[in-house]
Structure formats: structure tokens, C-alpha cells
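The values are calculated or read from the model by the stated rules, or taken from the named source; none is laboratory data. From a predicted model like this one, the values you see are computed outputs, not experimental measurements. Cβ coordinates were reconstructed from backbone atoms using ideal geometry, including for glycine residues, and neighbour counts include every protein chain displayed.
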Amino acid sequence: MGYIELNVLDNVVKHVVIGIDLGTTNSLAAIWDENGPRVLAPEGESPIVPSIVYVPESGKALVGNAAKAMGVIDPEHTLFSVKRFMGRGLDDVKDNLNLLPYSVTETDRHLVQFQVRNKKITPQQASALILQEVGLRAINVLGGADIIQAVITVPAYFDEPQRQATRDAAKLAGIEVLRIVSEPTAACLAYGLDQKGEGNIAVYDLGGGTFDVSILSVVDGVFQVLSTAGDTALGGDDFDRAIIRHMQAELLIAGHTNEQLATPTFLASARLTAEKAKCDLTNNPVTSLRIYLPEEGIDYRSELSCESFEALIGPLVERTIDHCKRALADANLTPESLHEIVLVGGSTRIPLVRQQVEEAFGRQPHTELNPNQVIALGAAAQAQVLTGGRRDVLLLDVTPLSLGLETMGGAVSKMIERNSTIPCSHTEGYTTYAENQTGLELNILQGERELASDCRSLGKFKLTGIPPMPAGMPKIAVRFHLDADGQLTVTAKEESTGVTSDITVEPMHGLTDKEVEDMLTQGYTNAQADFDNRRSVELITEMGTMLQAINKNLAAATPSLDQETLDDLQTTTTTAQTAITQGPAAADKDSLQKTRDALEQASLPLAAVLMDSVVKSAVSGKDLADL
Ligand code: ADP
Ligand code: MG
């Protein structure tokens, strides 16, 4: 059900459940209810809301088409492509900055913030305005609502901070997020590919400013993203720029100057002409080009054929095909092993793009649905499932990188393995290492490597208030819970006292697609060395514990031990102590193993004496019959 009415305290609270594609260039909403799937638009209007925000001198911000129009006149105060900055720090996005007409600064948490007029606006706030506009238009069509619940889509490579920023934007917009879903997964849902049995799917998404290709597998209605590739600076805008350059070249020949062809007014007008011509060529073999700016002395009329346009954009389209090949190779698949190709994004309406994709994958892509609408329709399908609708399969995402905890000596204990379907949780028992240790610091790590220093720390927190006890006595249960939106909560609880402490991982700097990929590759290439390092760390830790026990009990047990045992203990503890002092990097794991085994061997008589005395004191004064 997409639309339900609840009776709460005699008031009818109207709920709507929609899907929202919050795009870099365009955003829109869809619903899937008893009337079937459809995008939502006011009567006679396009469902598409350009993802653009105009900040006026005073009064409310303009969003969508009105803001797009203002962008032509007043680009300095018009925010566009804000999605690129969601959950990102200034460092992550510095390559994008020189193209922007407005200035970008940082919040005190090192997140991007725009400076427009005297206002500071975060990407979340700008996205909230866009979501609000999309949401309002949707509920108007549906006859109003008190509560808007939505499934919102994000690119497959969006990491936790970027997803969190999206959730925050929705919250600011007064929209309750049912789930964050990845865009390629939504595209597959729109085509109902979850219900077609097992298979491999390529989703080719060419939007306004970005290109993404994702390879997914579907098994029992569950999608798994096998690989992603793409270019965050390649899309329909580049096709527009190619046409602009073509027009500039013709105008130069006609005697205009470079200065005339570079004014903001000329460029804004040329951009509109170019985009219109590009869209026109989807259905026509030839289109007219016209720029009329009498005040700038420009009156341009020309024609552009489909062939000339294809020659202009050919190299760009080829680049997308190279990415497709890479994504396939990363997923260890060949074009023959793909079962479906899905086209997404406004730019896939271009016939040349369709043709090249078909050639590269050797299979006809799905084009039945409007590529501008596929993602929103898929989000609506997911929303419908979540509210108990049509399909009974559970749709799950996976976590791209493993999550774990730093343990003694800098080793990593993996709590949630990469590719685990979410939501999921895992609990493990830990204990203290030192005598009377009353606190424990937990370091939460993300990555595939075996040592903490090679992984990414997502956050640290402390469990305090553990009562003083001998080392190894406290029982601490640590639980990792990754919810359906990919948000991680870690809880630590000391069992005897019940003291708990927890953390929900705070968005920090984002990881790029490339960084995730690098972390995975490094995990594979260093697997053996990592394993050895980790074993070394564990051996050192074990020896530390053994030495503590020996030192604590030796004095009391000495009278019961012979000289040979004492000498043995003396040598092996010295060697072990040296190994510990030098650290795990100083020796290879086999020699550490020998040192550890020798220490264990030498301490066996001591252990026997201790056991003996424990048993003696336990049974002293007791009748044999009590035993
Ligand atoms: P995003 O995912 O980046 O928000 P969209 O999927 O909405 O973007 O795609 C927007 C891009 O699609 C724009 O560059 C627009 O010019 C282009 N586009 C829309 N319709 C057509 C068409 N008929 N032919 C070619 N390009 C189109
Ligand atoms: Mg898109």
C-alpha cells in the first residue's frame, strides 16, 4: 500500500509512502499503490524537479525550474550539483571546486559548506530544500498528507557518511526515511528483476554530471552489488559543452571575438540552446541552433545533424564503455554471463549511447521504462514492499567493507564480514588484559586488512566503570549492529555489573569509490603477510599474559620447584620478555611461535604445582564423603 489512513485519537492522520530519486541534476518522486506504479507530477507538469536552489537577497529560496532559470541570470547565488558534496570534507572534493560560481568553505567538523550572500548553507540543507519541494509536489497530487515517509536512493558507492548526510537532509525536510537504497538496486526493482530468478545484471547510469556502471547479482530476490565503476565528472553536461564549443567555433569563423563568446550571459544562453538541441536530436535527424543576444551583438542561427552530434560526443561515450569493461572485469564476469542490462539516466535516451552499450554487452538493454524515471519508480517499489505491499521478498543490501574491533597489540577482530547482507548483528565476548583494569577503549575499524593500523578507524569509545578484577575475569559482550540503512551501532556491556556504553558511528570524512576499491585490493594482495603479522601480534599478546601469570605465582611456588625448572623458566621468560619489548615486527611468526612454545613448556611444572595447591586448599578440612 502506498497510501494509508490511520485513526489516531479521532484525528485522521494521512500517511503517504513514496520513493524519491534525489539526483545530482534532477530529482523526482514516484508512488506504487493500488493504482500501480507512477511518477508524481502536478497536472500538466513534468515530474522532474531540477536539483537546483537559488538563494535570493531576502525571502525564501527558490527550488527546481525557477532556480534553474535564475541560474542563467545570477549564477553566483545558485547552488547546483550539491549531491557531490554530501557528507564530504573540503579535501575530498577539491577537484570540483574551480568550476563553481559560488564559494565553498568548511564547517568546524570539516564538512563542506557553501557561502552564498551572507548565508552559510550545508549540502544537507540545500538537499533538504530539494526534497521538500519534491515531497510537497507529490503530496499535492495525492490530496495532501500529514506524514511523508520515503525510500530515498543514493549511488551504490555512497559510503556511510554520505548516506547519513542524505538521511539528515530528509529529516530537515520533515520526511521520514524508510530506507536508503542504492540507485542500481532501485533500477532493477523497477524492472522487477528481483522476481526473475538468479542472474547477473549491469546497470548503466548516465545522468547530467556523472556516469556510474554497477554489476549486480540477484539470488532469491536479494541484490548484491558485485562491482561499480564510473566517472564523477562525465555526463550530459559534457555533451552540452561539446555543442557549445561547436557553436563557439562557428561564431569565431563568423568574426566574433573570444571575449564575446566567454561572457556569463553568452555561456548561460549557449548552455540552454545546447541542451535543447541535444534532447531534440533524440527524435530528429537534425535540429536548429539559435542564440539571439542583441545587446552582446550576437545573432546566431545554424543547424546540427545527428551525425555531427555523434562525432562530437563519440569519444565521451567510448569512455563510458571502457568503464563498463572494467566493472565487468572487477566482477570477474564476461559480457556473456550477464542476463540483463538496464539503462538509467536522461542521457541514455541518446541513440548512440544505446547502440554502444548494446554492442559492448552484446545484448539489448531494457528501455521499456523512461530512463529519467526508473530510479524513482524503483524506490517506490521498495517503499511499497516495506509497507507490506505487493512482493513478499525481502530486499537487502550488503556492506562493502568488513567491520571489526581493534584487539590487544593492534590486531583486528572482524565482527561483520564484507558482503554480509544487512541488517545484521554479531556479538562477541572480550575481557581485560591488565589486573584491575577498570576501563576499555574500543576502536571500531573498517577494512579488509588484519592490522588496525592498515584499516580505517570509524570511531572510538570507552567502556568505564568495570569493577577492579584480575585480568581475564570481566566478561564484556560487544555487539555490532548494522541496520538496514547501513548505520552501525556498537554496544559494549560488562556482564557482572551491567555497565554499558555504546556508539553510533558518526559521519566523518567520506570514502570515495576508488578508496573502497583500493582497500579491497590491498586486502587481497596483502592477505598472507597480514595473516602472519596478525599471528605475530597474537603470539606476543599470549606471551604477555603468560608472563604475568608466571611472575605473579613464581615466588609462592619456588620452594616446590627444582633448580632445572627454575633455570628453564629464567631463560625462557627472558627470551619472551625480549620478544615482547621488540614487538611483533622484529621477529617472524615462526620464531615467535617457538619462543612462546618454549615458555609454555617451561611453565608446565609451575602450573602443576599451582593446580596441586589449589586442589589441596579446596579439599582441606573436607571429608572424603563430601567430595
Ligand atoms: P541525474 O541522475 O544526474 O540527476 P538525470 O538522469 O535526470 O540526471 O539526467 C539528466 C541529463 O539527461 C541532463 O544532462 C539532460 O540534458 C539529459 N537528458 C534528458 N533528456 C534527454 C534526451 N532526450 N536526450 C539527451 N539527453 C537528455
Ligand atoms: Mg540519477
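Does ASN200 qualify as being touching a residue at least 12 places away in the same chain (Cβ under 8 Å), of a type in the set (S, T, N, Q), surrounded by fewer than 21 Cβ atoms within 10 Å (Cβ to Cβ) and more than 27 Å from ILE350 (Cβ to Cβ)?
Working: touching a residue at least 12 places away in the same chain (Cβ under 8 Å): yes; of a type in the set (S, T, N, Q): yes; surrounded by fewer than 21 Cβ atoms within 10 Å (Cβ to Cβ): yes; more than 27 Å from ILE350 (Cβ to Cβ): no.
No, not satisfied.
Checking each residue in the range 426-465 for being over 17 Å from GLU494 (Cα atoms) and hydrophobic (A, V, I, L, M, F, W, C) picks out ILE444, LEU445, LEU451, ALA452, CYS455, LEU458.
Only one of the numbered conditions (1) surrounded by fewer than 16 Cβ atoms within 10 Å (Cβ to Cβ); (2) at pLDDT 90 or above; (3) hydrophobic (A, V, I, L, M, F, W, C) is not met by LEU99, and that is (2).
Grab the strands (runs of 3 or more DSSP E) fully contained in the range 195-295, keeping just those with 3 or more residues being within 38 Å of the chain's Cα centre (by Cα) and under 30 Å from ALA156 (Cβ atoms).
Working: elements: 199-206, 211-219, 222-231, 286-293.
Output list reads 199-206, 211-219, 222-231.
So that you can scan it fast, the table gives a plain yes or no per residue for (1) in the same structural domain as HIS339 (by TED's automatic domain parsing); (2) loosely packed, with under 15 Cβ neighbours inside 10 Å:
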position	(1), (2)
ALA229	yes, no
PRO264	no, yes
ALA270	no, no
GLU275	no, no
ASP280	no, no
ILE291	no, no
GLU296	no, no
GLU303	no, yes
GLU307	no, yes
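Report yes if GLY472 is buried (at least 16 other Cβ atoms within 10 Å of the Cβ) and outside any strand (DSSP E or B), otherwise no. Explain how you work it out, then say what you get.
Values: buried (at least 16 other Cβ atoms within 10 Å of the Cβ): no; outside any strand (DSSP E or B): yes.
In short, no.
Selection within the range 351-381: residues that are within 15 Å of ligand 2 (Cβ to nearest atom) and over 26 Å from the mean Cα position of the chain (by Cα). The member of this set that is farthest from ASP21 (Cα to Cα) is VAL353. Let me spell it out: the conditions are (1) more than 16 Å from ligand 1 (Cβ to nearest atom); (2) at pLDDT 90 or above; (3) among the charged types (D, E, K, R), and GLU183 meets all of them except one. Which number is the exception? The number of the failed condition is (1).
Among the residues making up the range 32-62, a single one is of a type in the set (Gly, Ala, Ser), within 16 Å of ligand 2 (Cβ to nearest atom) and free of Cβ contacts under 8 Å to residues at least 60 places away in the same chain: SER46. For the range 322-340, does any single residue satisfy the condition of being touching a residue at least 12 places away in the same chain (Cβ under 8 Å), outside any loop (DSSP other than H, G, I, E, B), hydrophobic (A, V, I, L, M, F, W, C) and within 16 Å of ligand 1 (Cβ to nearest atom)? Within the range 322-340, none of the residues are touching a residue at least 12 places away in the same chain (Cβ under 8 Å), outside any loop (DSSP other than H, G, I, E, B), hydrophobic (A, V, I, L, M, F, W, C) and within 16 Å of ligand 1 (Cβ to nearest atom). Residues that are basic (Lys, Arg) and assigned by TED's automatic domain parsing to the domain that holds VAL203 within the range 231-262 are absent altogether. Which one is nearest to ligand 1 (Cβ to nearest atom) among residues in the range 1-40 that are small (Gly, Ala, Ser) and either at pLDDT 50 or above or under 27 Å from ASP238 (Cβ atoms) (or both)? Checked the range 1-40; the qualifying residue nearest to ligand 1 (Cβ to nearest atom) is GLY23. For GLU435, are the conditions met, namely being assigned to a loop (DSSP other than H, G, I, E, B), modelled with pLDDT of 80 or more and not assigned by TED's automatic domain parsing to the domain that holds THR545? Against the criterion (assigned to a loop (DSSP other than H, G, I, E, B), modelled with pLDDT of 80 or more and not assigned by TED's automatic domain parsing to the domain that holds THR545), GLU435 qualifies.
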